[in-house]
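Comments concern the structure below.
The values are calculated or read from the model by the stated rules, or taken from the named source; none is laboratory data. Computed from a predicted model, the values in this text were never measured in an experiment. As a convention, Cβ positions derive from the backbone with ideal geometry for all residues, glycine included, and neighbour counts pool all protein chains shown. Remember, those area values only see protein heavy atoms, side chains included, never the ligands or the DNA or RNA. Shrake-Rupley method; radii C 1.70, N 1.55, O 1.52, S 1.80 Å.
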Amino acid sequence: MTTKDRIYRSPAGIAGGALLLAIVLWLGIDALVQGEDRTPWLALASMILAVPLIVAFTVRPAVYANEDRLRIRNPFRVIVLPWGQAAALRSGYSNEVVVESGDKFQLWAVPVSLRARKRAARKDARAERGGGAGLRLGFGGGGAAPAPDAGPARAETDKIMDELREFMETRGTAESAQGEVTVRWAYEIFAPVAAGAVLLVILIATG
């Protein structure tokens, strides 16, 4: 029986997308209502073009994982990847999954945060310094014993990648986790973007 999906998304991306959408809609609707001559049409074309792109890059990205497969919803594609096809999960300047064929797919919903990594490294450094002091007090001065080591601090997206690697390592050979990789293009994004772009070009060309 397949377990329920774990869903991973970027809170910062969603918040930023919501803010951008609010600004675009506010300006666009104001131009539709208050604009004169061709301004309402230009505003409409711009919104038809901009809104799907903002949604694609901020609100849409998500990663769904269960015991059988990894489903990656990127801005313009949806990739369904059985764990048996996963060769590696890599973290560098971006997080990505490598499949047995050698193809790579970026995890847009799990962005690498170098700032979060540095913050975790600083936390580890402080813990190590504090731990050393605790050892000297506990065993040299008769104080309380040091607290047990909670392990190294990790950035949130690195923790997510650890969870996905655990899925890959434990479920890669399972019979239910076999199959082919499928990729579907997000035509629901392409269609309005293309329509908005065509309308905008026509308006500019005939202006």
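Summary table
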{"item": "Solvent-accessible area per residue for the stretch 163-207 (1.4 angstrom probe, square angstrom)", "result": "67 Å²"}
{"item": "Solvent-accessible heavy-atom area per residue, rounded to whole Å², over the stretch 1-59 at 1.4 Å", "result": "66 Å²"}
{"item": "For residue 112, residues with placed amide H under 5 Å, excluding near neighbours", "result": "95"}
{"item": "Derived scalar couplings ³J(HN,Hα) [the stretch 188-201; Karplus, 6.51 cos²θ - 1.76 cosθ + 1.60; whole Hz; x for Gly, Pro]", "result": "5, 8, 4, 4, x, 4, 5, 5, x, 5, 4, 4, 5, 5"}
{"item": "Accessible surface of the stretch 1-116, 1.4 Å probe, proportion on carbon and sulfur as whole %", "result": "61 percent"}
{"item": "Per-residue HN-Hα couplings for the stretch 40-53 [Karplus 6.51, -1.76, 1.60; θ = phi - 60°; Hz; x = Gly/Pro]", "result": "x, 5, 4, 5, 5, 4, 5, 5, 4, 6, 7, 4, x, 5"}
{"item": "Linear extension gain, residue 198 paired with residue 29, 0.36 nm per residue minus alpha-carbon span", "result": "58.8 nm"}
{"item": "Gain on full stretching of the segment that runs from residue 163 to residue 37 - 0.36 nm per residue minus C-alpha separation", "result": "39.8 nm"}
{"item": "Mean Cβ neighbour count within 10 Å, used as a protection proxy, ranking 181-187, 82-88 highest first", "result": "82-88, 181-187"}
